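This report concerns only the one structure given below.
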Amino acid sequence: MSRGILRLQQYKRLCDINAFSFRCSLGNLLCSVKCSKPQNRTFLTTTYLGKEAVREAAKDNPQVKPPEPPPKGIPYSKLTVGVPKESWQNEKRVALVPPAVEVLVKKGFTVHIEEDAGIEAKIRNADFEKSGAKIVNTESAFNSGILNKCS
């Protein structure tokens, strides 16, 4: 049992069940518990209860909503990795090498390499194409969702 559920049960024991109110914010994880004790003394506390405690409280209290599921994110197949040619003088590195491109392509990424990005590193465009990358112009490389550059 999580600490949040234990805390919630402690608050319920202290309170008259009819005078117990419960309000959550920040994705239902930060909750305010307001309680009027039988002697008419009221206390208000804000505590981090956690998802399990909020689910437990939602069973007893209809005004508490269960936490929303986390966002799913973007699948790799919809993400594009761009590698532009390095513009610094005497820079001979390239941000991705063909074996790294191969790994990204196997995972489902689309990899765009700017034309001649690997020339200074002695890597030909054909090597990148063989590993699964697409050779593109400068604008397409910079318009990718993820940009890899040497710094």
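The values are calculated or read from the model by the stated rules, or taken from the named source; none is laboratory data. Computed from a predicted structure; not experimentally measured. Heads up, the Cβs are rebuilt from the backbone with ideal geometry, glycines too, and the neighbour counts pull from every protein chain shown.
For the reader, a short list of remarks on this structure follows.
Matching residues to (1) modelled with pLDDT of 75 or more; (2) exposed (fewer than 12 other Cβ atoms within 10 Å of the Cβ):
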site	(1), (2)
A58	no, no
N61	no, no
P70	no, yes
I74	yes, yes
S77	yes, yes
W88	yes, yes
E91	yes, no
A100	yes, no
L104	yes, no
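- Helices (runs of 4 or more DSSP H) enclosed by the stretch 97-151 - at least 1 residues per element that are within 14 Å of G82 (Cβ to Cβ) and among the polar types (S, T, N, Q): 138-142
- Residue check, T110 among the hydroxyl-bearing types (S, T, Y), modelled with pLDDT of 95 or more and touching a helix residue (DSSP H, G or I) at 6+ places or on another chain (Cβ under 9 Å): yes
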